[in-house]
C-alpha cells in the first residue's frame, strides 16, 4: 500500500455545528471525528434530525462548522479561500444532492459535463466523459433531454452521473436512492462501491439498511453525536434489521 493510500481522503476533527443562539440554539453536530480512506465506503445512518445531512454538507465544503477541522486530501476547508474551495469541489469532490440540483436550462449531458468544463477540460473531452458517466447509469439515450423531460428517478441518476464524472477522490451521496426503485437503487450502490474499490473515498447518507450493507463501515448518529460504528464484517446484519436506525 502506498503512502497516499495510508492517508485519509476526508478527515473530520472535533466537528461541531451550532445553529441559532440563546433559546433557539440547536447543536446539529457535537464533536464528530471521522476519517475516510481511499477505497472505503462509509454509510451514515440515524433518525431524522440526527445531523446526517449537516455532516455531509460540511464535508463537501457547502457549509462551515462552528468549530473543528475538515480536511479533504490535506486541504483544510475551514481555512481555504474561495478559489481553493471551488477548485476542490470541481476536481476532487462529487456530491449527490437529495433534490438533484440539476440546471434546468442544460441537457443531461451538459449538466454532467459542466464541472469538467469549469475545471478547464475541453468541451469535446468533457462531453465524452459525461456520456461515459451517463452510460454507467444506463442513461446515454437521454443525453440530450432537459431535466423537465425526465422522471424524478432519471434526474437522480443524472445527478449521480455528474457526481461520478472524472477522477473524483471523494464522493458524497445524500440519500442517492430516494427516487429510485429497488433494482435501480442496487445498481447505483454497485457503482458507488466500484468507484470506491477503484480508489475513491465515499460517504453515503441513507436510511435503508440494505443499501448501508454495501459500506465498509456504518456510522450511526443521534442528536449530532456518533453513537455506534459497525464494520463491514458485521454490516450484513443490517439486511435483516439487526441494528435499529
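All of the numbers you see were taken from the coordinates with simple rules; none came from a lab. Nothing here was measured: the structure is a model prediction, and the numbers come from that model. A quick note on method: Cβ atoms are made from the backbone with ideal geometry, for glycine too, and the neighbour counts reach across all protein chains shown.
What label, among (i) 148; (ii) 133; (iii) 110, belongs to volume of the Cα convex hull per residue in Å³ computed from the structure on display? So the structure-derived entry is (ii). Ordering 137, 45 from the fewest to the most neighbouring beta carbons within 10 Å gives 137, 45. Across the stretch 3-232, the mean sequence separation of Cα contacts (distance under 8 Å, 6 or more residues apart), normalised by length, yields a relative contact order of 29 percent. Separation of the stretch 81-96 and the stretch 176-219, taken as the distance between their Cα centroids, equals 22 angstrom. Axis of helix 152-164 versus longest Cα principal axis of the chain: the two differ by about 80°, to the nearest ten degrees.
If I take R0 = 41 Å and measure r between the Cβ atoms of residue 123 and residue 207 in this structure, what FRET efficiency does the formula 1/(1 + (r/R0)^6) give, to the nearest 0.05? Plugging the Cβ-Cβ distance into 1/(1 + (r/R0)^6) gives 0.60.
Determine, for 128, 82, 195, the number of other Cβ atoms within 10 Å of each Cβ, and report the residues in order from fewest to most.
With the fewest neighbours first, 128, 82, 195 line up as 82, 128, 195.
When each of 25, 14 is scored by the number of other beta-carbon atoms lying within 10 Å, the sequence from fewest to most is 25, 14. Just to confirm my numbers, what's the Cα centroid distance between the stretch 103-161 and the stretch 1-74 in Å? Their Cα centres are 28 Å away from one another.
Relative to the dominant Cα principal axis of the chain, helix 182-197 is inclined by about 80°. Summarising the strand pairing of the chain, around 55 percent of its internal DSSP beta bridges are antiparallel.
GNM on the chain, alpha-carbon springs under 10 angstrom: the most fluctuating residue among 194, 105, 215 is 105.
Suppose only helical runs count, i.e. DSSP H with n ≥ 4. What mean residue ellipticity at 222 nm does that imply for the chain under -39500 (n - 2.57) per run, divided by all residues and rounded to the nearest 500 deg cm²/dmol?
-10000 deg cm²/dmol
Computed from Cα positions, the angle between helix 123-136 and the longest principal axis of the chain comes to roughly 70 degrees. Using only the Cα atoms of the stretch 47-107, build the gyration tensor, take square roots of its eigenvalues as a ≥ b ≥ c, and label the shape rounded, prolate or oblate: rounded if a/c is under 1.5, else prolate if a/b is larger than b/c, else oblate. In terms of gyration-tensor shape, oblate.
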